[in-house]
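Notes to accompany the following structure.
The values are calculated or read from the model by the stated rules, or taken from the named source; none is laboratory data. Here the structure is a predicted model, which is why all the values come from computation and not from measurement. In this analysis, Cβ positions are derived from the backbone assuming ideal geometry, glycine residues included, and neighbour counts consider all displayed protein chains. Protein only, heavy atoms only, side chains kept; ligands, DNA and RNA dropped before computing areas. Shrake-Rupley method; radii C 1.70, N 1.55, O 1.52, S 1.80 Å.
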Amino acid sequence: MATDKTYNSTPVESVGSAEDVLNVTAVEEATADAQSAPQTDLDAAAEAVAADFAEEDAVLAAEQAGLAIEGETAEEEAAADVDRGDVSGKSKQELVDMFAEKIASEPVQTLRKSVEAIKIAFYKLHRAEVDAARKAFEAAEPEKEFVPAPDALEIRLKDLFKEYRRRRDEYIANLDNIKEENLKLKLSIIDELKELVNSDETLNNTFAKFRELQQRWKDTGPVPQTKVKDLWETYNLHVENFYNFIKINKELRDLDLKKNYEQKIQLCEQAEALLMEPSIVDAFHKLQKLHDEWRETGPVANEYKESLWERFKAASSRINKQHQEYFDSIKQEQLKNLELKSELCAKTEALAEQPYTTRKEWNKASERLIEIQKVWRTIGFAPKKDNTRIYERFRTACDRFFEAKRDFYAGVKSEMEHNLALKQEICEAAEALQSSDDWKHATEQIIALQAKWKQVGAVSRRYSDQVWKRFRAACDNFFERKSQHFAGIEGEHEANLRKKLSLIDEMMAADVAEGGYDMIKEFQRRWSEIGYVPIKQKDAVQKRYKAAVDQLFGTLRGSERDRSMNRFKERLQSMKGAGDKRLKSERERLYNKVRQMEQDIALLENNIGFFSKSKNAEAMIADIREKIAKSKRELQDTIEKVRLIDARSAEQEKE
C-alpha cells in the first residue's frame, strides 16, 4: 500500500505509548498543516505529554502517601473515560485480586484506566465501611474519639499500587531507548526503500517487497519527537520516488489509489459520525485512532487529496473544539468547587478556634462540623494544582477541632470520676440516715443531701443510672418509713382541726368587753393546748385564729378608748369656770407628750432599717412594728384630747 505524495496531507505521528493522551492544542495544530508547522510546535506537543505524565506522577505519589482517599483530579479524568462494568458490584477482596492479576498478566502501559477504576471502586467501599463503623462507635461511646482500624486489604492495595508505579516508571525510563531503536529500524526501512527503486527484480516481487516495507514501517513503534518530521519527509520522498520511477502497471496503481480513496472516505465518515458520540472524551480518543489509520493509509489521486483532507480536518477540528470546551467547562466548575471548599475550610477553622467549655457546646459544634463534612463530600473536585492543598487545609482544620475535643473530654472524664466519688459519698450518707427515727433532723439532712446531689456535676453514662438508683432507693426508703409513721397521727390531726375551728367560732361570738384581757388570754391558752392539725389546713386555720384574736383586741381597745375619752371629757366639764390656767396647763402637757411620741415613733421606724440587715431579726421587727402601731394609736388619742381642750377654751371665751 502506498502513501501520499506530499507531506502536508499526513498528520503528525502520536508521541509516546498507547497509554499517552495527546494535548488538544498540539493535535489541532498538527492536523491543520504539518508541512508548515515549525519544530517548536511539535516540541510543545511533546512537552504537553510530558507535563501530563508529571502531573499524573504527582497524583500517584499523593495516592501512595495515603492522601487519595478524598479523591484526586486523576480519578475524575479516569471516571470520564473508563467503563466501570468490570469493577461494579465487586467486593474489596475481588478488586485487590483483580489488581494483582492485571499487574501479573497485562503490559503496564495499558493498565492506567483499569488501576484508576479499581482504586475508585475500592475506596468507595472503604469509605462506606469506615462511615458505618464511625456511626456505630459514636452511638456506643459518644465521649470517645473514633479511630479507624487498620485495613489489611487497603495495605495490600497500596503495595500493589507501588509495584504498578515501579513497573510504569521502568517502562517510561525504557521508552526513550525503545524510540531510539525504532528510529534505527525506520532508517533501515528507508535505506531498503532506496535500494528497491534501483532493484532489477520482477515487477511482482518489487511491489510485494514495497508492501512488506510499508507494513514493517507501520508496525514499528514511535521514534524521538525531534526526529519525527525529518523522518516522515524522508520516508514520503522515497515513497514518491518509488511511484514516479518504478515502471509499475498503471491499472494496479489506479486500483491502489481507488482503494486508498475508499478507505479515506470511510475515515471521513467515521470522523463525522463522532460528532454524535454522547461522550466527548470517547469521541476525542477515537479520533486519535482515526488519525493513526489516516496516516497509515496510502495516497489518493491528486484531484481528491485536498478535498478529502479538508473534510477530515474539518470534522477533527469540531471534535477538538468540543473536547476543549468540555474541559474548559470542567475547569470553571472546578474553580467554583475550589471557592465552595475554601468557604467550608474557613467555617471549619472558625469552629476549631472557638473556646468551647461545655459538652453541650462541643456536641453542637460537632454536629455543625459533621454537616460541613457532608456538604464537602457533595462538592466535586477542585483544579488539579489546588485539589491536594485545599483538602490538606480542610483535613488539618478538622484534625485540630477533634484534637481539641479529645483534650476537653479527657478533662471531662477526670471531672466525671471525681463527681462519681462525690455522689457515692452522698449515697453512703443517705444510706446511713434511711433507718433514723429522728424524723425532723434526718429529713433536714436528706433534703440537704438532695440539694448537694444537684450541685454535683454529671458522671459517666456507664455509672449514672446505677448511682442515681442507689441514692434514690435510700431516700425513698427513709420517706416511706416516715410516711408510715405519720400515717397513724393523721386522725389526731383531724380531731385537733375540728377543735380549733370550734374555738375560733367561740372567740368570734364572745363579748370581750365583759371578759376583758383575761378572756383573750384564756382563749390563747386553750389554743396552744390543742395539738397539730393537717399540714394542708395549717396556714388557713392559723390565719382565721389570728383574725379572731385581732378582732378581740380591736374590740377591747375600742371600748377602753371610748371610756378613756369619756373620762377626759368629764374632767374638762369639771373645769368649767375655773379659768384658763388648768386648761392651758393640761394642753401644754398633752402637746409635749405628742412631740415626744412623734420622736419615739420616728426612732422606732429608723431602727427597723438596721434590724432588717441582720439575720434572724423577724421577731424583733414584728415587736417593734407592734410598738409603732400602739404608739400611733395613742398619738391619735392624745391629739384628739388637745382638740377637745381647744374647743373647751373657745366655749369659755364666748361665755
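Could you calculate the contour length gain from LYS321 to ALA152, that is, 0.36 nm times the residue separation minus the distance between their Cα atoms, to one decimal place in nm?
Extending this stretch completely gives an extra 56.3 nm.
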**OP:** Starting from the Cα of LYS632, draw a straight line to each of the lysines and keep only those under 27 Å, dropping any in the same chain fewer than 8 residues away.
**Re:** LYS521, LYS543, LYS546, LYS569, LYS584, LYS593, LYS613, LYS641
Original post:
What does the accessible area of CYS475 come to, in Å² to the nearest 10, when a probe of 1.4 Å is used?
Top reply: 10 Å²
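Calculate the FRET efficiency for ASP97 and ARG462 from the Cβ-Cβ distance with a Förster distance of 60 Å, rounded to the nearest 0.05.
That pair, ASP97 with ARG462, gives E of 0.90.
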Original post:
When the chain is fully extended, how far beyond the present Cα-Cα distance does VAL549 get from LYS194, taking 0.36 nm per residue of separation?
Top reply: 113.3 nm
Original post:
Separation of segment 96-128 and segment 277-294 by C-alpha centroid, Å?
Top reply: 25 Å
Original post:
Can you work out ³J(HN,Hα) from phi for every residue in segment 219-232, in order, using Karplus 6.51 cos²θ - 1.76 cosθ + 1.60 and θ = phi - 60°, giving whole Hz and x for Gly and Pro?
Top reply: 6, 6, x, x, 10, x, 4, 5, 9, 4, 5, 4, 5, 5
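Using R₀ = 60 Å, calculate the FRET efficiency as 1/(1 + (r/R₀)^6) where r is the Cβ-Cβ separation of LEU125 and LYS452; round to 0.05.
0.65
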Original post:
Between GLU480 and GLU163, what length comes free when the chain is fully extended (0.36 nm per residue of separation minus the Cα-Cα distance, one decimal in nm)?
Top reply: 106.4 nm
Subject >> Residue-wise HN-Hα coupling along segment 264-269, computed from phi with Karplus coefficients 6.51, -1.76, 1.60 (Hz; x: Gly, Pro) >> reply: 6, 4, 4, 5, 4, 4
**OP:** Taking 7 Å along the Cα-to-C-beta vector as the label spot, tell me the GLU306-MET276 distance in nanometres, rounded to one decimal.
**Re:** 3.1 nm
Subject >> Å² of accessible area per residue within segment 467-540, as computed with a 1.4 Å probe and no ligands counted >> reply: 68 Å²
Subject >> Distribution of pairwise C-alpha distances over segment 327-381, 5 Å bins, in % >> reply: 4, 19, 23, 18, 13, 9, 7, 4, 2, 1
**OP:** Tabulate in residue order the Karplus-calculated ³J(HN,Hα) for segment 437-454, using 6.51 cos²θ - 1.76 cosθ + 1.60 with θ = phi - 60°, rounded to whole Hz; enter x for Gly and Pro.
**Re:** 9, 7, 4, 5, 5, 5, 4, 4, 5, 5, 4, 5, 5, 5, 5, 5, 4, 5
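Using a 1.4 Å probe over the heavy atoms of the protein chains, calculate the carbon and sulfur portion of the accessible area of segment 83-134 as a whole percent.
51 percent
Classify segment 241-398 as rounded, prolate or oblate, taking a ≥ b ≥ c as the square roots of the eigenvalues of its Cα gyration tensor: rounded when a/c is under 1.5, otherwise prolate if a/b is larger than b/c and oblate if not.
Prolate, since a/c reaches 1.5 and a/b exceeds b/c.
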Original post:
Given the pairs LYS186/LYS227; LYS184/LYS286; LYS374/LYS413; LYS440/LYS538; LYS264/LYS286, which span a C-alpha to C-alpha distance of over 22 angstrom in this model?
Top reply: LYS184/LYS286; LYS374/LYS413
**OP:** Skip the ligands, DNA and RNA, and give the accessible area per residue of segment 283-361 with a 1.4 Å probe, whole Å².
**Re:** 55 Å²
